[in-house]
Amino acid sequence: MSARPLLALLSGTLFGAGLALSGMMDPSRVREFLDVGGAWDPTLAFVMGGALIVMALAWGLQRRMLKPVAAERFELPGTRLIDARLIGGSALFGIGWGLGGLCPGPALASLALNPLPAAVFVAGMVLGMIVLRLFDRA
């Protein structure tokens, strides 16, 4: 049996626990972070800083590894130019994040704790993904 499903479960559980402990599943906390002219809450900046440190360590470790723990080879994303699609997608993400106070990871994790509002957000997110697929095919 492959270790991948267990590692995915452990990773997801750790990610969800981190979101819950940091308060990032609370949409009002995210909106307060984005409200730089009002009651600004810097908590999210510290969460992002912690994530950057973890990723910097992970990239350093990855460079020293011959292969991943649970795969035959690394499958890393390539770099892309900044184009209209990237800018548009980033803008839509930011608008949705600001209005809803959630992004995909916390939205899915929120389904367990606050299902109705999270389900509305997740439904909108899925609808957006479907619309993107339709436009990509056209």
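The values are calculated or read from the model by the stated rules, or taken from the named source; none is laboratory data. Only a predicted model underlies this, so the values are computations on that prediction, with no experimental measurement involved. All Cβ positions, glycine included, derive from the backbone under ideal geometry; neighbour counts span all protein chains shown.
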Exercise for the section: Would you tally the residues in the range 78-109 being under 30 Å from Asp26 (Cα atoms) and surrounded by fewer than 11 Cβ atoms within 10 Å (Cβ to Cβ)? Expected result: 4
Completion exercise
All conditions in (1) at positive phi; (2) at pLDDT 85 or above are true of Gly23 except (2)
Exercise for the section: Look through the range 12-28, keep the residues that are surrounded by fewer than 16 Cβ atoms within 10 Å (Cβ to Cβ) and under 13 Å from the mean Cα position of the chain (by Cα), and return whichever of them is farthest from Leu44 (Cα to Cα). Expected result: Gly12
Practice task
Please go through the range 73-112 and pick out each residue that is in contact (Cβ under 8 Å) with a residue 40 or more places away in the chain and either of a type in the set (Phe, Trp, Tyr) or touching a Gly at 6+ places or on another chain (Cβ under 7 Å) (or both).
Solution key: Trp97, Ala109
